[in-house]
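In what follows, a single structure is set out as structure tokens and then discussed.
The values are calculated or read from the model by the stated rules, or taken from the named source; none is laboratory data. Just so you know, these numbers come straight off a predicted model, no measurement behind them. For neighbour counting, all protein chains shown are included, and Cβ atoms are generated from backbone atoms with ideal geometry for every residue, glycine included.
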């Protein structure tokens with residue numbers, strides 16, 4: 001039956017061939033014809049390991065049966081199959097050698113990179129020690145700038161007594177503070193450049209002046225305003241996911257509460273607790289507690305709530321939001 005289907009239906013031919021081999025095994029028939037044909041089939045299919053296994057089984061049966069013509073038939077196919085199997089093994093061995101050599105080169109490269117990194121670290125440590133040695137001068141410079149800032153505050157107090165100068169004072173005060181921040185930032189940037197050039201004494205005086213707390217707060221404010229420009233109806237949309245008694249109160253214009261900002265970040269695709277924690281300067285546990293508490297108040301399941309957050313529409317795909325006022 002297998003030979004009848006060989007050209008017209010190869011799959012059926014293989015099935016009949018396998019059944020014949022199984023029947024021979026169960027009936028203890030040692031002529032090995034089915035196994036030989038099965039081995040030749042897998043040889044043609046380039047499955048050399050299976051072909052080798054079946055041809056060797058056929059040879060064992062032929063030796064047991066003592067049929068010389070079967071042995072001759074098998075011995076004609078055996079070298080071809082074994083040569084291909086050995087060539088396959090040699091090919092695998094060559095691949096193994098290639099990948100092993102590649103891995104060795106990568107390990108060597110990694111080792112050299114580690115050595116280079118350690119050298120750079122020692123150089124940086126040396127520079128840090130030099131900077132720390134000049135830290136006292138930096139503190140003196142910082143004190144001088146603080147005194148200048150105090151003078152600005154004193155000047156502001158004097159101007160506050162005059163209603164006619166109030167508007168001018170406010171403009172001057174903010175301009176002075178802006179100039180001061182710009183100056184400190186310029187000095188800080190210049191100091192970094194001078195450190196790279198080895199000019200440590202010239203750079204020390206301007207370091208550690210950057211007010212990171214203020215900048216972080218300003219960054220969050222800018223984020224809120226920008227986000228609400230793109231998602232002007234964000235608060236209205238997120239409130240739909242909660243019962244009326246659990247909805248968020250409207251914050252001041254162009255601002256978001258911490259809870260709202262966390263889910264604003266999630267809407268933008270930032271869902272990692274570690275990343276959100278770094279943005280807010282909170283612990284990961286605090287962010288997790290915020291998210292859990294808000295989710296538990298929602299009328300949706302956790303999975304539905306997360307999907308709903310991601311589905312909040314922007315100003316471009318929510319025409320009704322274009323007439324709204326961001327953050328109000």
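A few remarks follow.
- The helices (runs of 4 or more DSSP H) found wholly in region 224-283 and carrying at least 1 residues that are assigned by TED's automatic domain parsing to the domain that holds residue 302 and more than 29 Å from the chain's Cα centre (by Cα) occupy 234-239.
- Restricting the first member to region 257-286 and to residues that are at pLDDT 90 or above, and the second to residues that are part of a helix (DSSP H, G or I) and surrounded by fewer than 13 Cβ atoms within 10 Å (Cβ to Cβ), the beta-carbon pairs closer than 7 Å and six or more apart or on different chains are 284/274.
Matching residues to (1) exposed (fewer than 10 other Cβ atoms within 10 Å of the Cβ); (2) at pLDDT 75 or above; (3) over 30 Å from residue 193 (Cβ atoms):
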position	(1), (2), (3)
128	no, yes, no
137	no, yes, no
141	no, yes, no
150	no, no, no
166	no, no, yes
170	no, no, yes
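- Selection count where residues are touching a residue at least 40 places away in the same chain (Cβ under 8 Å) and assigned to a helix (DSSP H, G or I), scope region 120-136: 4
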